[in-house]
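Notes follow once the structure below has been shown.
Readers should treat all values here as calculations from the given coordinates under stated rules, not as data from a laboratory. Owing to the predicted nature of the structure, the values given are computational and were not obtained by experimental measurement. Because the Cβ atoms are built from the backbone with ideal geometry, glycine has one as well, and the counts that use them run over all protein chains shown.
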Amino acid sequence: MNNYKVAGYIRLSKEDKIKDESNSVTNQKLIITSYIKENKDLEFYDFYIDDGYSGTTFDKPGYKRMFNDIIEGKINTVVVKDLSRFGRNHIESDNYLENILPGYNVRFISVIDDIDSLKNAKSTNTILIPLKNLINDQYARDISEKVRSTLKTKQLNGQFIGVNAPYGYLKNPKDKHKFIIDRESSYVVKKIFNMTLLGKSRKEIAEHLNDRDTLTPSLYKQSKEKISNKKLMCSRKWNAEIVSRILKNETYTGTLIQNVKTKLNYKTDKLVDVNRDDWIVIPNHHEPIITKEVFDKVQNVLDKKKGYFSSGDIFAGYLKCSDCGKSMALRKSKDKEYYYCSSFVRNHSCTNHSIRKDRLEELIFQDMKEKYPNTQFRKISNNVLNDFIDTIVVYDKNSIKITYKKNI
């Protein structure tokens, strides 16, 4: 009698760990081992375990190692506790059982389902296998929807469901769904915001932090939690992108924002952006590091710099619509340039009021001469705007209101 080299394949999802002791790794090992002992033609080679992995994909380390051993001829038989342990994606499971494994002359055994592709060929050709795979797939879909619904309910109730608190905070030891301020890293957050208000660029801030050997957020987390995982991606040096992410993170105002990204579907871990209107926003969730006033000022600075460097329009980031508060967008009409409300330009959700660019310059120039009669202004330049003006609200083609910087 030929001996068949056996791979005992075991899979346990995160949900299985919580709900079902019968599917534990130990229990699966026991069932597979007992079956091999009862069948003298089977010779155990190794266990291949995917602990904490969904059955909706075959892109798992244990399965990859097993399949590599199949290709190298080390094993020619796969034994599982039941079909759900092999996989819960009915299309891929059917393909492996009907085409891929037979193509490598691999014997497949599912103990609980009484399936053996060698001794009982009919057991693999029956419609029951695709049907069971379909049921297992539907189970994975239902579990995914239940988990997603539970997490969303927690988010709506103001509970943080992430693994790690944002840089600058720690999870509250008394309530893991809340944050407390981390004194050391919150100091760096405050410094970044303050340096931005003092006119420093994101690149300059990054260089300043690197010169002082300040740990990046990922390295700081690693040092505090004593993580030794070499696969963990860590930014070794501060850069403009890291600084920018901190400056744009509204979490520092005490607001919890979740549901920003979601999984594409239950069969993949790929994340997609959620429409901003569907974000879950909980004000006053935790103690702020940055006041809302400071945060808004910084966003205004970032908008101005973005507009200046990307479009060349010196008024980009300064103009606000009087009706909806959104920015004004520059549009050309023949030989004239006009500013329209950006909300109206995008989806007509605001009024169609505008102001000619040359008329806007006249009104600003006139207002500034009245505000600062002893200061000589030759023209409205980017430096003048940056030094003197905070915002310019546009009412109509002949009416504006300028808010000047308080320290001037």
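Work out how much length T57 to S381 would gain on full extension: take 0.36 nm times their residue separation and subtract the Cα-Cα distance, in nm to one decimal.
Numbers: separation 324, 0.36 × 324 = 116.64 nm, distance 5.80 nm.
So the chain would gain 110.8 nm between T57 and S381.
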**Prompt:** Among K29/K152; K191/K221; K190/K405; K191/K297; K174/K292; K191/K371, which pairs are too far apart, with a Cα-Cα distance over 24 Å?
**Reply:** K29/K152; K174/K292; K191/K371
**Item:** Contour excess over end-to-end distance, with Cα ends at K332 and N120 and 0.36 nm allotted per residue
**Value:** 68.6 nm
**Message:** Placing unit charges on C-beta atoms (Lys and Arg positive, Asp and Glu negative, everything else neutral), compute the dipole magnitude of segment 313-404 about its Cα centre in debye, rounded to 20.
**Reply:** 260 debye
**Request:** Calculate, in nm to one decimal, what K29 and L170 gain on full extension: separation in residues at 0.36 nm each, minus their alpha carbon distance.
**Result:** 46.8 nm
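When a/c reaches 1.5 or more, the comparison of a/b and b/c decides; with that in mind, is segment 169-291 rounded, prolate or oblate per its Cα gyration tensor?
Values: a/c = 1.44, a/b = 1.28, b/c = 1.12.
Judged from the Cα gyration tensor, segment 169-291 comes out rounded (a/c under 1.5).
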**Message:** Taking the Cα centroid of segment 362-408 and of segment 191-222, what is the distance between the two, rounded to the nearest whole Å?
**Reply:** 32 Å
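For the peptides 275-285, 24-34, what is the packing order when you average, over each peptide's residues, the other Cβ atoms within 10 Å and list the highest mean first? It would help to have the intermediate numbers written out before the result.
Details: 275-285: 12.0, 24-34: 16.1.
My ranking of the peptides, most packed first, is 24-34, 275-285.
Could you calculate the FRET efficiency of S244 with N398 from 1/(1 + (r/R0)^6), where r is the beta carbon distance between them and R0 is 25 Å, rounded to 0.05? Don't jump to the answer; show the numbers that get you there.
Values: r = 38 Å, r/R0 = 1.51.
E between S244 and N398, to the nearest 0.05, is 0.10.
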**Fill in**
The aspartates and glutamates whose Cα lies under 16 Å from the Cα of K237, excluding any fewer than 8 residues away in the same chain, are E204, E207, D211, D213
**Request:** Give the calculated FRET efficiency between N374 and E184 to the nearest 0.05, with a Förster radius of 56 Å applied to their Cβ-Cβ distance.
**Result:** 0.75
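If I take R0 = 45 Å and measure r between the Cβ atoms of N347 and D41 in this structure, what FRET efficiency does the formula 1/(1 + (r/R0)^6) give, to the nearest 0.05?
Values: r = 70 Å, r/R0 = 1.55.
Efficiency computed from Cβ-Cβ geometry: 0.05.
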